[in-house]
Amino acid sequence: MVLDRAIRLAYQRGLPAEEELWIGQRDAIYREVMEKGWNAQKESFTQHYGSDALDASLLLMPVVEFVGPTDPRWLSTLERIHNELTHDTLVDRYKATDADGSSIEEEGTFSVCSFWLVECLTRAGRLEEARLALEKMFSYANHLGLYAEKIGSSGEALGNFPHAFTHLSLITAAVRLDRALR
């Protein structure tokens, strides 16, 4: 992503750049992630190469335009995240496990991930699902409309508060959905 943005900036601003080198490196990274980051058995991109674990940071793939929002492999990943990490509209960052593979007690869902989910649903054209998820997320804000980093199983605010990254993801998700609904 960084190389892609650097290439765009250099081109748009007429800045000097080693474009051929950067394009080659960007394309090599893309090919590697598409090959090694995809788990064919799980039918999903995964947390790291050779893994079958999911991580909600995968929701950034279409947000940063690494993959198309309707790419079949991305849509399969989105369904896996929805089935394995999402509880109604709240999204776990990942499934935490001990060294022996047993699950660790819940630490709360990550608000930023829930707004990334809204944006991914919007980009995939699933506008009603996105709208409903965003409206449900509004119920987790405090009386000032602010969000904590995490949301506990009873809806309580956990972690850093207010959480700037969560609010940035809220804004981008809401703007994108608003534009799509017009």
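The values are calculated or read from the model by the stated rules, or taken from the named source; none is laboratory data. Predicted model only: the values in this text are computed from it and were never measured. Neighbour counts run over all protein chains shown; Cβ positions are idealised from the backbone, glycine included.
Tabulated data
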| quantity | calculated |
| --- | --- |
| Candidate set: segment 54-92, residues that are surrounded by 15 or more Cβ atoms within 10 Å (Cβ to Cβ) and among the β-branched types (V, I, T); chosen: the one farthest from G37 (Cα to Cα) | T89 |
| Among the candidates E156, E135, E119, residue that is among the charged types (D, E, K, R), touching a helix residue (DSSP H, G or I) at 6+ places or on another chain (Cβ under 7 Å) and either in the same structural domain as L60 (by TED's automatic domain parsing) or in contact (Cβ under 8 Å) with a residue 40 or more places away in the chain (or both) | E119 |
| Qualifying residue in segment 24-37 (condition: in contact with a strand residue (DSSP E or B) (Cβ under 9 Å, 6 or more places away or on another chain) and closer than 20 Å to V112 by Cβ) | no |
